[in-house]
Amino acid sequence: MAASYVDEEDACVNMSSCNKRSKPKLLLFLLFCTLVSSCLLLAPFPTSTLSLLYPSGGEEETVSDALCSSVSNGTICCDRSSIRSDVCIMKGDIRTQSSSFSVFLYTSEQPLRREKIKPYTRKWEPSTMATIDELTLISKKPNTSASDTGNCDVNHGVPAVFFSTGGYTGNVYHEFNDGLIPLYITSQKYNKKVVFVILEYHDWWITKYANILTHLSNFEPIDFNGDKRTHCFSDAIVGLRIHDELTVDSSLTQGRKTIKDFRDILDKGYRPRIQGLLLEEQSNNPIKPVAQSEKPKLVIISRNGSRAILNENVLVKMAEKIGFSVIVLRPQRTTELARIYQALNSSDVMLGVHGAAMTHFLFMKPGSVFIQVVPLGTNWAAETYYGEPAKKLGLRYIGYEILPRESSLYEEYESNDPVLRDPNSVNDRGWEFTKKIYLGRQKVRLNLVRFRKRLVRSYIYTMSKRNAMVGSQMK
């Protein structure tokens, strides 16, 4: 079985079920509960630990469209039950007014009502939400004055979805987790018959993700801030629904869509461009060694600066000796995503150090191997943001937690220092310590003897899978 190639250490990355500790005595347990309860009562927003600072698979994930599942004409319904995002649904005579950051719903049914909403999916993070433009949704009775109702400059026969590309846009993890995947979750039920109305619109974002957006909507997106015309709709969703980190919960979507369905959108979006790239490669290199193409392909996502692999060159040579064809990928913000998708979609194994670039595991085919090198102090984040989502996509995930000696911090601190001995206690001091020490200053020098077995098992798994496929084709 394929599972035999992943050992217990690999599978147990900061998971409570893997900690072999005895249960606390009742008195200590009750004391702990009392302390936690007191902290929650006294602290308006928890910031002391990573697990409290970031929501991950909590009770908010049970939220569905039920609160606003049936919205009658001429009304506004807002679902504010999720810790991650607010979503408002409008039906009726809907008209935009960008000059006042307002969306009006003219109705004779509902009395004057105002709803404020920031259509971004990090509602739980006040510092980020403070930078997001706020919309005012107003339902009111129309007057006879044309200046009051605002003539429609553009009438749309399809619904609108309003959202913001502000916040952390510019970071590939956030662009997918906070934007594209929630956009897919919210809009997929319309089967591309929907218009995207974007606050804090960026031309570069539209260009970067045009291949994906064209498979989510048949229409050009609207720059809410820059387009001063009055756009009119009969249905609108303001805000995006988000389920969990880099995933789609099938129980909360129409048609029981999953993250694999989102990946299918990526595949459709990038396939034409990849075919063009392949033709370019064939014309530049018409004779390709057959032996090279038969080797399992390992793609290393390389980093410069913090969390770089210091002995990367030796790692490459070792992987080649094992039998891999190795590609070292150094994605930049200006790197065309189709090229990254091409490299990873055709790979058997992806390897990289924890960081935003690990988001590219979404580009791998289910059944491939994803090895994430986990630096000191990043266990929880590595598992939550990339490990668990990768498993949901169907990848064979291996989390390689480095030892203190494999960290560059080992040269800066004494061996008994909490930075090396007890990273959780350092993380408990606050995000600024985690960011400064473990994310900003740490580099990795892999123990290649220890790490080699992960590559060997990945190679065996890949070759076994290939042989099984060949065998099934010959039957």
Semi-axes a, b, c in Å (a largest) for region 321-449, each sqrt of 5 times a Cα gyration tensor eigenvalue, come to 28, 16, 14
A 1.4 Å probe over the protein heavy atoms gives region 321-401 a carbon and sulfur accessible-area percentage of 48 percent
For ALA308 and ARG80, extending 7 Å from Cα along the Cα-Cβ vector and measuring point to point gives, in nm, a value of 4.8 nm
Rounded to 0.05, the calculated FRET efficiency for the beta carbons of LYS141 and VAL449 at R₀ = 60 Å is 0.20
HIS215 neighbourhood, Cβ < 10 Å, K/R = +1, D/E = -1, net charge 0
proj_area_mean for region 275-356 (convex hull on C-alpha atoms), units nm², value 6.3 nm²
Dividing the mean separation of Cα pairs under 8 Å (6+ apart) by the residue count of region 324-475 yields a relative contact order in percent of 18 percent
Restricting to Cα pairs under 8 Å and 6 or more apart, the percent relative contact order of region 172-252 works out to 43 percent
Over region 274-383, with neighbouring protein chains present, the accessible area per residue in Å² at probe 1.4 Å is 42 Å²
Taking a crude spin-label model, label points 7 Å out from Cα along the C-beta direction, the ILE206 to ARG441 distance in nm is 4.4 nm
Taking R0 as 25 Å and r as the Cβ-Cβ distance between ARG271 and VAL154, the FRET efficiency 1/(1 + (r/R0)^6), rounded to the nearest 0.05, comes to 0.20
proj_area_mean for region 330-379 (convex hull on C-alpha atoms), units nm², value 3.7 nm²
Excluding ligands, DNA and RNA, the carbon-plus-sulfur percentage of the accessible area of region 191-311 with a 1.4 Å probe reads 48 percent
Cα-based Rg/(2.2 N^0.38 Å) for region 167-306, rounded to two decimals, is 1.30
Total charge of the residues flanking VAL444 in space, meaning their Cβ is under 10 Å from its Cβ, with Lys and Arg +1 and Asp and Glu -1, is +2
With label points set 7 Å from each Cα along the Cα-to-Cβ direction at LYS317 and SER346, the distance between them in nm comes to 2.7 nm
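The values are calculated or read from the model by the stated rules, or taken from the named source; none is laboratory data. Given the structure is predicted, the values throughout are model-derived calculations rather than measurements. Note that we place each Cβ from the backbone using ideal geometry, even for glycine, and neighbour counts take in every protein chain shown. Heads up: the accessible areas ignore ligands, DNA and RNA and are worked out on the full protein's heavy atoms, side chains in. Shrake-Rupley method; radii C 1.70, N 1.55, O 1.52, S 1.80 Å.
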